[in-house]
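Below: one structure, written as structure tokens.
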Amino acid sequence: MTDVLIVGIGQTPVGEHWDISLRELAFQAIEAAQADSGGIKPQALFVGNMLAPMISSQAHLGALIADFSGLRGIEAYTTEAAGASGGAALRAGYLAVKSGFVDSALVVGVEKMTDRVGPEVDSAVATSLDSDYEAVQGLTPVGQAALLMRRYLHIYDLQHEVFSSFALTAHANGAGNPNAMFRRAINLEFYNRAGVISEPLNMFDAAPDADGAAAVILTRSDLVPIQSGRPQIRIAGSAVATDTLALHDRPELLDFRAARLSVERARLQAKIRMDEIDFFELYDAYSIFATLSLESAGFAERGRGWQTAQNGEAALPILTMGGLKARGNPWGATGVYQTVEAVLQLRCQSGDNQIPDAKWGMAQCFGGPASTAVTHIFERIA
């Protein structure tokens, strides 16, 4: 079957864009991706978004963004999978091209968190939990992560400081990302002084909500324009898996089963070993998620995921452009940002953050505590 290539990428800076609307953010990313692709016209648009109906009072984003971007008439709709919405939209675009139903597809992830502030935002993001049994009791995503971290520290008899490596790595790499929300490295003392937001999580254990949009253009390998001197990046593996929505329904809280399954399925498609992956853009919405992602993916033994990035320097390169923690977390757009950043690495366009000789990259995003897990593996083929 024909390879699916990522031929165009675009992104907006991540941050608080009070003066830019959701549709304008999406258009900026789309415009950049189309220019980067050499002018490929997409036949379908897949939008990754979680919160627009609640925070921006706007549903029907497919038609909205297609119209605003000058793409009126094409197939277009929104894919929602909480924090994995962007990754799910990428998979939808990949399947559309891979199946042959379209020659080219545009995937855009967009979120406009600053359209609301305060409790309304908290209520909106809590819809990623089980409404009948978790959110109704006042549980939030932050509280959920705190429960998991407390359990982890208890089971493995560890101190909270072991999680510092993820924040240190993220902020060190964010300093080299011109589109990151936070571009300042931090040290261990700074991490330990951070205020507690939900014990034992502190401020540096949770990624900041942010506005942003990122876009990619996909097409078949036989349709790619000749672009001298630029590597071609293919989607070598794409997989989605799910787990229970409510944490209390899981036989083992610290086993992110969906994360493990999606990695296994994507890796089998790509036909590679784990030790061939050169970097991993994991989902660090919370430090405990980063730890459990590494363990579930098979990069670390259970109880040792935190050691992968000790002292701010990862043995396996992770969060290479700052991750959610330093780049910022535009919820439904995150999976597409991860893809753009992976492509930059594989094209050798990551500046000071470049991973030398990177050929294989993996990106994974979660909806909730890996209630949905989407994994993609990318390969530089030329």
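The values are calculated or read from the model by the stated rules, or taken from the named source; none is laboratory data. Computed from a predicted model, the values in this text were never measured in an experiment. Every residue, glycine as well, gets a Cβ built from its backbone with ideal geometry; the counts of neighbours run over all protein chains shown.
Worth a mention:
- Helices (runs of 4 or more DSSP H) enclosed by the range 119-208 - at least 2 residues per element that are among the charged types (D, E, K, R), outside the structural domain of Ile9 (by TED's automatic domain parsing) and modelled with pLDDT of 95 or more: 141-155, 188-193
- Evaluation of Lys271 against the conditions (1) buried (at least 17 other Cβ atoms within 10 Å of the Cβ); (2) more than 23 Å from Asn329 (Cα to Cα) shows that the sole unmet condition is (1).
- Each residue in the range 17-50 was checked for being charged (D, E, K, R) and within 22 Å of Glu80 (Cα to Cα), and 2 of them qualify.
- Filter result for the condition that a residue is aliphatic (A, V, I, L, M) and either touching a residue at least 60 places away in the same chain (Cβ under 8 Å) or surrounded by 17 or more Cβ atoms within 10 Å (Cβ to Cβ) (or both), over Val196, Val162: Val162
- In the range 44-71, the residues that are in contact with a Lys or Arg (Cβ under 7 Å, 6 or more places away or on another chain) and of a type in the set (Phe, Trp, Tyr): Phe68
- Listed by position, the helices (runs of 4 or more DSSP H) enclosed by the range 253-333 that each have at least 1 residues that are closer than 25 Å to Gln159 by Cα and of a type in the set (Val, Ile, Thr) are 287-297.
- Flag for Asp278 being modelled with pLDDT of 95 or more, more than 29 Å from Thr219 (Cα to Cα) and not aromatic (Phe, Trp, Tyr): no
- Any hit, the range 61-76, residues being assigned to a loop (DSSP other than H, G, I, E, B), under 30 Å from Leu245 (Cα atoms) and among the aliphatic types (A, V, I, L, M): no
- Within the range 340-369, if we keep just the residues that are within 12 Å of the chain's Cα centre (by Cα) and hydrophobic (A, V, I, L, M, F, W, C), the residue that is surrounded by the most Cβ atoms within 10 Å (Cβ to Cβ) turns out to be Cys365.
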